[in-house]
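Input: a single structure, listed below in structure tokens.
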Amino acid sequence: MLKLHSFAKFSLLVALSTSLIWQYPAFAWNKSGHMVSGAIAYTELKQNHQQVIEKIATILREHPEYSKFEQQWNSLNQSNVSPENKNLYLFMWAAKWPDEARNSQVFNYPTWHYINFPYQPGNSSNSIPREIPGEENILYAFQKNLDIVKSNASNSEKAVAICWLFHLVGDVHQPLHTTKLITNQYKEPEGDRGGTRFYIRVKPNSQTISLHKFWDDLILGSENFQTIRNTATRIRASYQRSQLPELRETQFNNWAKLESFTIAKQKAYLNGRLSGSTDNNDGKLLPPNYAATAKPIAERRMSLVGYRLADLFNKLFGER
């Protein structure tokens, strides 16, 4: 069992997650989006640091729920996926696992997936996001799991922590997992809860969805192995390291505060000009060019996830 908290803490979090599941963001990127990030990281490491892949895979094979990976892998084998791709799929699985663990009484930590920096249009204090001391948010979770990987913990514990690192680096790059909109329509303290209460429609005849879900689904909507690999290859080719000056920033907190929060304000909420509805049956229509503008932003963020994961794991497991 992962010794991150006492059993009482586990029980409390599970109880809270049941009552709050509708209040807080369900996912940051969907599962296939997280799998794309794992594939990009794998390809980057395979090209330059194959030994890091082997070290991570060795630890992940001691994951408490590794049997679930094997079940999914065996299902893939029926689709003629080559055995040499097993570690690639292991990286994909690791990146999505914390979302698959949401029904677990042991491994589910719903507040770890986000931080709600308040954004109030017209308020000059928005330029410096405010943290809540002691809050078990994504910033807390990243440091906690990083410490576990660096510690003398068992490989079983480290495997779980590695999955969280995969996932949290992905989560923090989804702009709406770093903010909550505060307006007269979306009041304090909850605001719009990361866009989950901000209802929109992409086209006049489209189904109403939350703005959060719109951003979650921008990368991909399929968990098909080949589709994910192809998407990862395309994104990595479209956004090469030399084209990403953001990579000079290596601090996780700043990926949240300086990057995603700013994108949420400027591109997701259009500096407060985007209209949303509080009626989950009648969303406001997005501006005509909104989706076309958002898609490349999301793909750029996903490329950063992949490169930053590769860099993080190379720092942790590369040859000294």
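The values are calculated or read from the model by the stated rules, or taken from the named source; none is laboratory data. All of these numbers come straight from a predicted model, not from anything done at the bench. Heads up, the Cβs are rebuilt from the backbone with ideal geometry, glycines too, and the neighbour counts pull from every protein chain shown.
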### Task
Could you please let me know if E62 is surrounded by fewer than 22 Cβ atoms within 10 Å (Cβ to Cβ) and not in a helix (DSSP H, G or I)?
yes
### Subset of the stretch 82-93 that is surrounded by 12 or more Cβ atoms within 10 Å (Cβ to Cβ) and of a type outside the set (D, E, K, R) - its residue that is farthest from the chain's Cα centre (by Cα)
N85
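Which residue, of S79, S75, is of a type outside the set (A, V, I, L, M), exposed (fewer than 14 other Cβ atoms within 10 Å of the Cβ) and not in a helix (DSSP H, G or I)?
Numbers: S75 fails: not in a helix (DSSP H, G or I).
Step by step, each of S79, S75 is checked, and only S79 is of a type outside the set (A, V, I, L, M), exposed (fewer than 14 other Cβ atoms within 10 Å of the Cβ) and not in a helix (DSSP H, G or I).
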### Query
Within the stretch 266-275, is even one residue touching a residue at least 12 places away in the same chain (Cβ under 8 Å) and under 17 Å from the mean Cα position of the chain (by Cα)?
yes
#### Entry: Of all residues making up the stretch 197-213, the number that are surrounded by fewer than 22 Cβ atoms within 10 Å (Cβ to Cβ), of a type outside the set (A, V, I, L, M) and assigned to a loop (DSSP other than H, G, I, E, B)
6
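Residue-wise test of (1) surrounded by fewer than 18 Cβ atoms within 10 Å (Cβ to Cβ); (2) within 20 Å of D216 (Cα to Cα); (3) touching a Lys or Arg at 6+ places or on another chain (Cβ under 9 Å).
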residue	(1), (2), (3)
A95	no, yes, yes
A153	yes, no, yes
L168	no, yes, no
K187	yes, no, no
### Task
Check G191 against each of (1) small (G, A, S); (2) at pLDDT 95 or above; (3) within 21 Å of N253 (Cα to Cα); (4) not in a helix (DSSP H, G or I) and name the one condition it does not meet.
(3)
### Task
Return a yes/no flag: does the stretch 228-243 have any residue that is over 30 Å from L88 (Cα atoms), modelled with pLDDT of 95 or more and either not hydrophobic (A, V, I, L, M, F, W, C) or not in a loop (DSSP other than H, G, I, E, B) (or both).
no
### Query
Taking the stretch 14-52 on its own, how many of its residues are of a type in the set (A, V, I, L, M, F, W, C), at pLDDT 95 or above and crowded, with 24+ Cβ neighbours inside 10 Å?
6
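If you scan the stretch 294-320, which residues turn out to be in contact with a Pro (Cβ under 9 Å, 6 or more places away or on another chain) and over 15 Å from V169 (Cα atoms)?
The one that is in contact with a Pro (Cβ under 9 Å, 6 or more places away or on another chain) and over 15 Å from V169 (Cα atoms): I297.
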### Query
Can you spot a residue in the stretch 144-157 that is farther than 29 Å from V52 by Cα and either hydroxyl-bearing (S, T, Y) or outside any helix (DSSP H, G or I) (or both)?
no
### Message
Take the residues in the stretch 249-298 that are of a type in the set (G, A, S) and in a loop (DSSP other than H, G, I, E, B); name whichever of them is surrounded by the fewest Cβ atoms within 10 Å (Cβ to Cβ).
### Response
S275
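One line per residue, one yes/no per condition, for (1) under 19 Å from the mean Cα position of the chain (by Cα); (2) in contact (Cβ under 8 Å) with a residue 60 or more places away in the chain:
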{"position": "Y199", "(1), (2)": "no, yes"}
{"position": "P204", "(1), (2)": "no, yes"}
{"position": "L211", "(1), (2)": "yes, yes"}
{"position": "S222", "(1), (2)": "yes, yes"}
{"position": "T231", "(1), (2)": "yes, yes"}
{"position": "I235", "(1), (2)": "yes, yes"}
{"position": "Q243", "(1), (2)": "no, no"}
{"position": "E246", "(1), (2)": "yes, no"}
